[in-house]
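Here's the structure we're looking at; comments come further down.
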Amino acid sequence: MPLISRARNGYDSPSEDFWREQTGMGLMGDLTTMGLEDIFQWLAVGKKTGVLELKGFLHTKRVFFHDGKVTSVWSSDPREYLGQYLLAYNRINEEQLREALASQEDENQLLGRILVNRQLITETEIRRIVQLKVEESIYDTFLWDIGSFEFHDGQTPPQKTMLLSLDVTGIVLEGARRVDEWKLIRSVIKGGDAVLVAVSEAIAEMLPLAPEDADLLGRLDGHKTIDQVVIEMRAPEFKVHKLVFDLHEKGMVRIIRPGGKLGDRSSLQLQRARQLVEKQKLQEAQEELRLILHDQPKLQEATRMLEVVEHLLEEVTLDESLIPELAVSIEELMQAQLGPNEAFLATRVNSVWSIKDIISISPFPHDECMAIFAKLLKRGILKAQKPHAGGAQPGLRR
């Protein structure tokens, strides 16, 4: 299995090869006709063992059950990989994560075990964060507007997976509570494109601040969107929105733009585009995405997906072993009007890490990262050279 796939899945995730080898089909349908609360309760009451596959408009998740209890979760969303949670909770830094991921092929062990062996984290801490990761991943699906589900009866995760035993009742109650709270949040903060600014006078009256509040307030500068802050903090979307909402209720932040220009229709169009990409109908996907962006040019999900599709259409191959370097000054980089994801990757370029290294620690899909690097090289923002080579080498080959 490729290093990136196993490394990004982390301590508790089954591989794609494992999934493809499994057979058996059970309950299936649309989340708009049968909600997650009913599905989870059906699985719990029936003490089912198997896998519940959930497909949203951008990501797929698989929830493993044993005797009606949740044992583990796999997600295609890189933001939900174990390494990202460890970074979010400051248990390791990016260099430690990169080194651990790079050593996986030689050690043939999962990420959590490598970190425990290096005494960077304890078994207890790993288990606590894995449980948090599993719970947050499931709670996120309760907020999906659209999606489908399939239950594959009798299937179990691979032996190396860290198994939990989580009661469904608590998960369903918390998921339902978050749905209600999300509606309240959305009545004030309309979308991830919202922009807020910290109110220094109100903050002074609330000192001392909780560490999370202080960190968040330092990022709300009147320019960044909440989506950008989510990327920077590597935190779950709901968590950041809830923190912002609470700060707003206390008068500690002021809304510059409430956001919400993305709309519900775009979700359906993005789902169609994603399905076209999965079927390798790239030209149709490109046309669909361009139509979306014509109506909503600031829709980040569509922009990112279009970059990936165009990268695939051009058949551009990028050598992941190349070492990227900035080809512009820091001042020019700041004025380059990069998107949030582009800025994240560009700011990890240090003339030491390879493209593969940077992708391994990023919270974005592999293909999207490759498309972004190809774009930055084309624009002349980055240049790249081979490891240990004396001169710069072209980063793209056709």
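The values are calculated or read from the model by the stated rules, or taken from the named source; none is laboratory data. The structure displayed is predicted, hence computed values, not measured ones. Using ideal geometry, Cβ is built from the backbone for each residue, glycine included, and neighbour counts are taken over all protein chains shown.
Things to note:
Matching residues to (1) touching a Lys or Arg at 6+ places or on another chain (Cβ under 6 Å); (2) on the phi < 0 side of the Ramachandran plot; (3) at pLDDT 95 or above:
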| residue | (1), (2), (3) |
| --- | --- |
| Asn90 | no, no, no |
| Asn93 | no, yes, yes |
| Arg98 | no, yes, yes |
| Ala102 | no, yes, no |
| Gly112 | no, yes, no |
| Leu120 | no, yes, yes |
| Gln131 | no, yes, yes |
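- Options Leu270, Leu184: the member that is part of a helix (DSSP H, G or I) and either surrounded by fewer than 16 Cβ atoms within 10 Å (Cβ to Cβ) or modelled with pLDDT of 95 or more (or both): Leu184
- For region 190-233, residues that are under 23 Å from the mean Cα position of the chain (by Cα) and assigned to a loop (DSSP other than H, G, I, E, B) total 6.
- First in region 175-199 and in contact (Cβ under 8 Å) with a residue 40 or more places away in the chain, second anywhere and crowded, with 17+ Cβ neighbours inside 10 Å and among the polar types (S, T, N, Q), Cβ under 7 Å, 6 or more apart: Gly192/Thr225; Asp193/Thr225; Ala194/Thr225; Val195/Thr225
- Cross-chain or 6+ apart pairs with Cβ under 8 Å, region 349-376 first and more than 13 Å from Met305 (Cα to Cα), then among the acidic types (Asp, Glu) and part of a loop (DSSP other than H, G, I, E, B): Ser354/Glu320; Ile355/Asp319; Ile355/Glu320; Lys356/Glu320; Ile359/Glu320
- Looking only at region 336-389, and only at residues there that are hydroxyl-bearing (Ser, Thr, Tyr) and within 19 Å of the chain's Cα centre (by Cα), the one that is surrounded by the most Cβ atoms within 10 Å (Cβ to Cβ): Ser360
- Total residues in region 375-391, condition at pLDDT 90 or above and not in a strand (DSSP E or B): 6
- Residue in region 315-322 that is closer than 26 Å to Leu276 by Cβ and surrounded by fewer than 16 Cβ atoms within 10 Å (Cβ to Cβ) present: yes
- Close pairs (7 angstrom Cβ cut-off, 6 or more residues apart or separate chains): without any contact (Cβ under 8 Å) to a residue 24 or more places away in the chain in region 40-58, among the charged types (D, E, K, R) anywhere: Lys47/Asp67
- Unmet requirement for Leu163, which otherwise passes all of (1) modelled with pLDDT of 95 or more; (2) of a type in the set (A, V, I, L, M, F, W, C); (3) under 30 Å from Ser103 (Cβ atoms): (1)
- Residue, farthest from His59 (Cα to Cα), within region 75-108, restricted to residues that are among the small types (Gly, Ala, Ser) and surrounded by 19 or more Cβ atoms within 10 Å (Cβ to Cβ): Ala100
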